[in-house]
Amino acid sequence: MGKWGKNMVKKSLGLLLCGVLLTGIGGGSLSAQGAPFPDGLQTAGNVSSSGKIKEIGSTLTGSKKSAASITDPVPQIIKEVSPSVVGIIGKYSEDRSNAPNDRFNLSHGSGIIVRANGWIITNAHVMKGLQNAVVVTSDAKSYSITNTYLDEVSDLALIKINAKALKPAKFAQSAASLQVGDKVIAIGTPISFSLRNSATVGVVSGLNRSVDAAYRLIQSDTAINPGNSGGPLVSMKGEVLGVNSLKFAAVGVENMGFSIPSDTVQYIMNQLFKYGEVKHPSLGLELEESWSALVGLPSQDPLTVTKVISAEADKAGILEGDVLYAINGHRVGSLVDVNELFKSYAPGAVVNLLMQSDGDIVTRKLTLGQGDPLINNEEADVEGDADGQAEE
């Protein structure tokens, strides 16, 4: 689980990992509400005063163009992307689930096909502790999982099934061009495994969100429910913008879902393919954010060193109580800032730290070690269940 330091938010909101634990047949009811179709275009011939119908070919042609221009692209996008979305179902080990031990105590999530030969990306919280897991593709074929690689800090996992000729999803290279208000689609397996490849539509509500995660997230108002974890957030170009992962779940809170952006997904996935793990760079320091950063206020306040952990940091002359302003000229004011910057670095790299020590502004040269990304030290109120080297 991730951690955060926003106590005021923490008291009023619960953050739900969007997998789902199935404990038998629920007593709830499902309802569907139809949406009105827009009025259809109508064309009529022009009638002369003599009652003869004038030629209307140009009018019909124009109408056809108008109809084509307002056709909603969403159904076609869902049709194109759905074959790349899978459902994942299994049973959690006893140390994770306190539910009765019977055949109905199953958990499930979603996944995205990234290679035609059976590689799939999903959430780490979906796969951790999931036993006898089965992947079901959109054409209702079932496969056992042969390989699993987890990175719990990013909440991403790479899994492998023995399948061929699957349809990989197309990932957006970056979410940098994404704007608040852009229309997006979420596809996955909400609530019940029988609801595989369900789709919901919404808009991007916010960007660069720092919410119970080591990296920044995309916020959207698409309906992301338990079981949607690991499924895609899709653009109107049919590209995967991110992996759906979290939602706020509390009385009075609606449509607040969060997705791991595609550039972070690619970074983690490339590491898992290459090493079977993610080699996160580390400063070898414990850092504390300012009060402004913790509560979400705009801030240029530096980070404070609360503990020197590594021998490299000690050798660089860094002391407890020093404050960190910038890394290689990049200003950092939050732990997420550091983690995002380090996606471009590897352990062993040498960086220059602009710091203040004993009242003086100094530059420290530090060799990066390897370790988990920085996270806040306070536990968030998080609920929810599901919800080596990888060969290419």
Name the residues whose placed amide hydrogens come within less than 5 Å of the amide hydrogen of residue 107, ignoring near sequence neighbours (fewer than 5 apart) on the same chain. 22, 90, 91, 92
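Give me the number: length gained by fully extending residue 330 to residue 132, i.e. 0.36 nm times residue separation minus the C-alpha to C-alpha distance, one decimal in nm.
On the way: separation 198, 0.36 × 198 = 71.28 nm, distance 4.56 nm.
Result for the pair: 66.7 nm of gain on full extension.
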Calculate, for segment 216-359, the solvent-accessible area per residue in square angstrom, rolling a 1.4 angstrom probe over the heavy atoms of the protein chains. 40
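Quantify, in whole percent, the carbon and sulfur part of the accessible surface of segment 192-339 (1.4 Å probe; protein heavy atoms only).
On the way: 2740 of 5790 Å².
Reported share for carbon and sulfur atoms: 47 percent.
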With every protein chain left in place, what is the accessible area of residue 72 in Å² (1.4 Å probe, nearest 10)? 80
In order over segment 360-370: 3J(HN,Hα) from phi, Karplus 6.51/-1.76/1.60, θ = phi - 60°, whole Hz, x for each Gly or Pro, gives 9, 7, 9, 10, 10, 9, 10, 8, 5, x, 10
Computed ³J(HN,Hα) along segment 123-134: with the Karplus parameters 6.51/-1.76/1.60, θ = phi - 60°, integer Hz and x for glycine or proline, the list is 8, 5, 6, 6, 8, 5, x, 7, 10, 6, 6, 10
Report the local net charge at residue 301: Lys and Arg +1, Asp and Glu -1, summed over other residues whose C-beta lies under 13 Å from its C-beta. -2
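Longer than 20 Å from Cα to Cα, which of 141/164; 170/247; 167/279; 91/128; 164/343 are they? Say none if no pair is. Could you put the intermediate results ahead of the total?
On the way: 141/164 12 Å; 170/247 24 Å; 167/279 29 Å; 91/128 11 Å; 164/343 32 Å.
Correct reply: 170/247; 167/279; 164/343.
Looking at the square roots a ≥ b ≥ c of the eigenvalues of the Cα gyration tensor of segment 111-182, which shape do they give, rounded for a/c under 1.5, prolate if a/b is larger than b/c, or oblate? Before the final figure, lay out each step's value.
Details: a/c = 2.29, a/b = 1.40, b/c = 1.64.
Because a/c hits 1.5 or more and a/b fails to exceed b/c, segment 111-182 counts as oblate.
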Starting at the first residue of segment 280-289, write each ³J(HN,Hα) from the Karplus equation 6.51 cos²θ - 1.76 cosθ + 1.60 with θ = phi - 60°, in whole Hz, x for Gly and Pro. 6, x, 9, 6, x, 10, 9, 10, 10, 6
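Sort 275-281, 233-239 by packing, meaning the average of other beta carbons within 10 Å per residue, with the highest value first.
On the way: 275-281: 17.6, 233-239: 20.6.
Per-residue Cβ counts within 10 Å, averaged per peptide and sorted highest first, yield 233-239, 275-281.
From the square roots a ≥ b ≥ c of the eigenvalues of the alpha-carbon gyration tensor of segment 227-294, which class results: rounded (a/c under 1.5), prolate (a/b over b/c), or oblate?
Details: a/c = 2.31, a/b = 1.09, b/c = 2.11.
Oblate shape, in that a/c is at least 1.5 and b/c is the bigger or equal ratio.
Does segment 143-297 come out rounded, prolate or oblate by the C-alpha gyration tensor, with a ≥ b ≥ c the root eigenvalues, rounded set by a/c under 1.5 and, if not, prolate when a/b is larger than b/c and oblate if not? Numbers along the way, then the final one.
Details: a/c = 1.62, a/b = 1.09, b/c = 1.49.
The shape class here is oblate.
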Roughly what would the spin-label model give for residue 295 and residue 309, points 7 Å off Cα along C-beta, in nm? 2.8
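Ranking request for peptides 124-130, 287-293: highest mean number of other beta-carbon atoms within 10 Å first, then the rest in descending order. Spell out each step's value before the answer.
Working: 124-130: 24.9, 287-293: 17.9.
Top of the packing list down: 124-130, 287-293.
Using the C-alpha atoms of segment 303-357, what convex hull volume per residue, in cubic angstrom, is computed?
Values: hull volume 4.5 nm³, N = 55.
Convex hull of Cα atoms, per residue: 81 Å³.
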Can you list residues whose amide H is under 5 Å from residue 231's amide H, if they're 5+ apart or on another chain and H is modeled 1.01 Å from N? 110, 244
Points 7 angstrom from Cα along the Cβ direction at residue 79 and residue 117: gap in nanometres? 3.2
List every residue whose amide H lies under 5 Å from the amide H of residue 203, counting only residues 5 or more places away in sequence or on a different chain, with H placed 1.01 Å from N in the peptide plane. 184, 221, 222
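Work through the residues other than residue 83 whose Cβ is under 10 Å from its Cβ and net out their charges, Lys, Arg +1 and Asp, Glu -1.
Around residue 83, the surrounding residues sum to 0.
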Under 14 Å from the Cβ of residue 183, count the other residues' Cβ atoms, weight Lys and Arg +1, Asp and Glu -1, and hand me the total. -3
Where the centre of each part is set by its Cα atoms, how far does segment 218-232 sit from segment 280-347, in angstrom? 31
Extension gain residue 72-residue 146, at 0.36 nm per residue separation less the Cα-Cα distance, in nm? 22.7 nm
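The values are calculated or read from the model by the stated rules, or taken from the named source; none is laboratory data. Just so you know, these numbers come straight off a predicted model, no measurement behind them. Note: ideal-geometry Cβ built from the backbone for every residue, glycine included; neighbour counts use all protein chains shown. Accessible surface areas use protein heavy atoms only, side chains included; no ligands, DNA or RNA. Shrake-Rupley method; radii C 1.70, N 1.55, O 1.52, S 1.80 Å.
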